[in-house]
Amino acid sequence: MNDEAPPPQALLIKTLVIIPTYNERDCITQLLEAIRAAVPQADVLVIDDGSPDGTGQLVSDIGVRDPKVGVMQRGAKLGLGTAYIAGFRHALHEGYECVVGMDADFSHDPVRLPHLVAASAESDLVIGSRYVPGGSTPDWKIHRRFISRFANWLARTALRLPVRDCTTGYRCYRREALAALDLDAIDVIGYSFLIETTRQCYAAGLRIRELPICFIDRRVGQSKLSGTIIVEALGYILRQVRQSRRPA
């Protein structure tokens with residue numbers, strides 16, 4: 001993995017970091033501190049799905065002290081995809097040049113943030129990839145590695161995407177990429193949302209680059225990966241394949 005310092009101009013780009021959350025109170029304060037240290041120029045928007053543990057209120061309190069931190073509090077658990085769509089619309093409205101999505105549990109190392117932003121100078125979508133040389137998932141169990149690699153192989157093969165990691169949530173979108181997305185047409189809410197945005201970016205002829213990341217499994221709380229999410233992703237891929245085979 002290339003840990004060289006990114007070019008200084010990366011720190012001048014108007015950037016928004018979006019973090020969907022549900023019950024992440026135990027780690028969100030430390031994560032926000034790490035993000036602010038890595039990309040001090042960036043704003044951070046936490047989109048909280050009515051966490052009963054008070055995650056949203058905690059972030060709101062932090063935002064009183066730090067104007068770079070904001071929170072969008074939603075009244076119910078509405079899903080990853082709708083959270084990102086809400087964040088993307090906010091970013092477009094507010095004129096951000098780059099938007100980074102990342103998990104709330106330190107699985108995505110904030111140290112990589114300036115590298116992703118810097119790479120967006122020459123790419124429309126920069127993907128923090130576990131499956132390119134230098135990327136890794138060092139503490140995953142075998143069954144999780146199998147599920148993730150199979151899902152990515154299936155998405156890459158069935159949808160003909162030149163991307164090794166279609167399901168990673170650590171990614172940076174240029175404003176041009178967000179503007180090219182048909183957000184109204186997206187009807188998936190789990191990790192298949194990430195496959196769909198990748199597919200749309202590729203279909204639009206945008207420049208996609210993968211940078212290696214080390215994905216560390218969460219240390220606090222429970223994983224959000226569930227059987228329902230996996231079934232949704234498989235169903236989404238099958239629908240896309242059927243639609244691609246329909247006569248024009």
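The values are calculated or read from the model by the stated rules, or taken from the named source; none is laboratory data. What you see is a predicted model; the values in this text were computed from it and never measured. Glycine also receives a Cβ, built like all others from the backbone with ideal geometry; neighbour counts cover every protein chain displayed. We work out accessible area using only protein heavy atoms, side chains counted, and drop any ligands, DNA or RNA first. Shrake-Rupley method; radii C 1.70, N 1.55, O 1.52, S 1.80 Å.
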Long-range neighbours under 9 Å by Cβ, at least six apart or interchain, first residue more than 22 Å from residue 182 (Cβ to Cβ) within the stretch 67-82, second among the basic types (Lys, Arg) and open to solvent by 50 Å² or more (accessible area, probe 1.4 Å) | 68/36; 69/36
Can you tell me which residues in the stretch 185-205 are within 17 Å of residue 128 (Cβ to Cβ) and touching a helix residue (DSSP H, G or I) at 6+ places or on another chain (Cβ under 6 Å)?
-> 191, 193, 195, 201
Go through 125, 116, 159 for me and flag whichever is in contact with a Gly (Cβ under 8 Å, 6 or more places away or on another chain), in contact (Cβ under 8 Å) with a residue 40 or more places away in the chain and either surrounded by 20 or more Cβ atoms within 10 Å (Cβ to Cβ) or among the polar types (S, T, N, Q) (or both).
-> 116
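Per-residue answers, yes or no, for (1) at pLDDT 95 or above; (2) surrounded by 17 or more Cβ atoms within 10 Å (Cβ to Cβ):
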residue: 12; (1), (2): no, no
residue: 20; (1), (2): yes, yes
residue: 31; (1), (2): yes, yes
residue: 52; (1), (2): yes, no
residue: 63; (1), (2): yes, yes
residue: 73; (1), (2): yes, no
residue: 87; (1), (2): yes, yes
Unique residue being in contact (Cβ under 8 Å) with a residue 40 or more places away in the chain, in a helix (DSSP H, G or I), farther than 17 Å from residue 84 by Cβ and open to solvent by less than 70 Å² (accessible area, probe 1.4 Å) when the list is 178, 154 = 154
What is the one condition in (1) outside any helix (DSSP H, G or I); (2) open to solvent by 30 Å² or more (accessible area, probe 1.4 Å) that residue 47 does not satisfy?
-> (2)
For the stretch 197-217, which residues satisfy the criterion of being open to solvent by 10 Å² or more (accessible area, probe 1.4 Å) and not in a loop (DSSP other than H, G, I, E, B)?
-> 199, 200, 202, 203, 208, 209, 210, 211, 212, 214
Cβ pairs under 6 Å, 6+ apart, first in the stretch 183-203 and over 16 Å from residue 79 (Cβ atoms), second in a helix (DSSP H, G or I) and of a type in the set (Gly, Ala, Ser) | 201/177
What about residue 124, is it touching a Cys at 6+ places or on another chain (Cβ under 8 Å) and of a type in the set (D, E, K, R)?
-> yes
Do the conditions hold for residue 92, that is, is it touching a His at 6+ places or on another chain (Cβ under 9 Å) and closer than 24 Å to residue 193 by Cβ?
-> no
For residue 81, indicate whether it is at pLDDT 95 or above, open to solvent by less than 30 Å² (accessible area, probe 1.4 Å), assigned to a helix (DSSP H, G or I) and of a type in the set (Gly, Ala, Ser).
-> no
Per-region count, the stretch 89-104, residues of a type outside the set (A, V, I, L, M, F, W, C), surrounded by 22 or more Cβ atoms within 10 Å (Cβ to Cβ) and within 18 Å of residue 28 (Cα to Cα) | 1
Hits in the stretch 49-88 - residues which are of a type in the set (A, V, I, L, M) and either closer than 17 Å to residue 27 by Cα or under 14 Å from the mean Cα position of the chain (by Cα) (or both) = 58, 59, 62, 69, 71, 80, 83, 85, 86
Selection from the stretch 186-226 of residues that are modelled with pLDDT under 80 and either of a type in the set (A, V, I, L, M, F, W, C) or on the phi > 0 side of the Ramachandran plot (or both) = 220, 221, 225
